[in-house]
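Step one of this worksheet: look at the structure below.
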Amino acid sequence: QVQLVESGGGLVQAGGSLRLSCVASGNIFSINAMGWYRQAPGKQRELVAVITSGGSTNYADSVKGRFTISRDNAKNTVFLQMNSLKPEDTAVYYCNLDYRPWVVDGLYDYWGQGTQVTVSS
């Protein structure tokens, strides 16, 4: 069993900053990548940013230059620093884990419960 604990969401004014954290624990042998996705009301879930175990990153065009993803491999934790927030960043942000469990072969995908980010204008 895997657990993802997300924190750091909240209400912020436009131009403000928030930092999201996601800690992974449980039956994890190795982590391939961790990332953040978001889903706004009436829209599909979309990639925000992802970071691999080697440190490679990928960002949605809409957040480039404003958001930074980072990772603490020793603590199985991923962070999302969000600066210059805009009302259109309002969404539920989900942590995603791409990992290999102990004993069972294969690469698996796991989602957190989500944390609400609301940016007021």
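The values are calculated or read from the model by the stated rules, or taken from the named source; none is laboratory data. The model shown is predicted, which means the values in this text are computed figures rather than measured ones. FYI the Cβ positions are ideal-geometry reconstructions off the backbone, even for glycines, and counts take in every protein chain you see. Heads up: the accessible areas ignore ligands, DNA and RNA and are worked out on the full protein's heavy atoms, side chains in. Shrake-Rupley method; radii C 1.70, N 1.55, O 1.52, S 1.80 Å.
Here segment 15-36 is the region considered, the condition is being of a type in the set (A, V, I, L, M) and either under 12 Å from ASP98 (Cβ atoms) or exposed (fewer than 14 other Cβ atoms within 10 Å of the Cβ) (or both), and the residue that is farthest from the chain's Cα centre (by Cα) is ILE28. PRO41 meets all of the listed conditions (1) at pLDDT 95 or above; (2) assigned to a loop (DSSP other than H, G, I, E, B) but one, namely (1).
Here SER56 passes the criteria (1) polar (S, T, N, Q); (2) closer than 24 Å to GLN3 by Cα; (3) open to solvent by less than 50 Å² (accessible area, probe 1.4 Å) except the one numbered (3). Of all residues in segment 55-102, those satisfying the criterion of being closer than 17 Å to SER30 by Cβ, without any contact (Cβ under 8 Å) to a residue 60 or more places away in the chain and either part of a loop (DSSP other than H, G, I, E, B) or more than 12 Å from the chain's Cα centre (by Cα) (or both) are GLY55, SER56, ASP72, ASN73, ALA74, LYS75, ASN76. For SER120, the conditions (1) over 14 Å from the mean Cα position of the chain (by Cα); (2) open to solvent by less than 60 Å² (accessible area, probe 1.4 Å); (3) closer than 17 Å to ASN32 by Cα are fulfilled apart from (3).
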